[in-house]
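Participant: My questions all concern the structure below.
What follows draws every value from the coordinates through simple rules; no lab data is involved. The structure presented is a predicted model; accordingly, all values stated were derived computationally and were not measured. Cβ: placed from backbone, ideal geometry, glycine included. Neighbour counts: every protein chain shown.
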Amino acid sequence: MKEKLNPAEAWRDDLKGIGERLQRRNLISPEQATTLEALTGEFERLAKYEPGVAMPLVATIFWAAEFDRLSRQQAQAAGVLAWVRSAVPLTEEQRELLKRRLRERFGQEFILRVEIDPSLIGGLVVRVKDQVFDGSVAGRLDALGERLRTTVEEHRPPALELQEPGE
């Protein structure tokens, strides 16, 4: 027989399950799923000490997450979702410029999903459908390193075969 959970534990488990399902369907990133999981622990603690505040707050967060999931699902279905990774938060002006350039290239409007990724060092990585545009500093450094390795390999003299004395 399954032990009955208190409301806070039930909410925690429900939110964790929602996060896992959203991540399996690629509707949220692994980082967002981790954040959702961390939030569930915070809600559980809040529910323990302030149950009158916690449950309405959990319900609000749930519906906000559901709205976000549905908007992502709708955007993906329409094929107009652009996933953007940026080293720093984008200003509204930068977002509008990016949307304009995507519209010029693809001939349709886009919804931007922006994630901050400091490992990019600078610049952006933009994924639209099955195309990836890497304009990040990290991507450029990787490409430069690969070109350097290729050049070194092409210009490396052949290895000398050493013979053992008496052969």
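Participant: Can you give the FRET efficiency for Glu115 and Arg156, using 1/(1 + (r/R0)^6), R0 = 30 Å, r = Cβ-Cβ distance, to the nearest 0.05?
Facilitator: On the way: r = 40 Å, r/R0 = 1.33.
According to the calculation, E is roughly 0.15.
Participant: If you don't mind, there's one more thing I want to ask. Below 12 angstrom from the Cβ of Glu146, what's the summed charge of the other residues (Lys, Arg +1; Asp, Glu -1)?
Facilitator: Working: positive: Arg140, Arg147, Arg149; negative: Asp142, Glu153.
That works out to +1.
Participant: Can you tell me which aspartates and glutamates have their Cα less than 17 Å from the Cα of Lys16? Leave out same-chain residues fewer than eight positions away.
Facilitator: Those aspartates and glutamates meeting the cut-off are Glu31, Glu37, Glu42, Glu44, Glu66, Asp68.
Participant: Excluding same-chain residues fewer than 8 positions from Lys129, which aspartates and glutamates have a Cα within less than 18 Å of its Cα?
Facilitator: The reachable aspartates and glutamates, counting only those whose Cα sits under 18 Å from Lys129, are Glu104, Glu109, Glu115.
Participant: Placing one identical point scatterer on every Cα of the stretch 79-153 and ignoring solvent, what is log10 I(q)/I(0) from the Debye formula at q = 0.11, 0.16, 0.18, 0.19 Å⁻¹?
Facilitator: Here the Debye-derived log intensity ratios amount to -0.32, -0.61, -0.73, -0.78.
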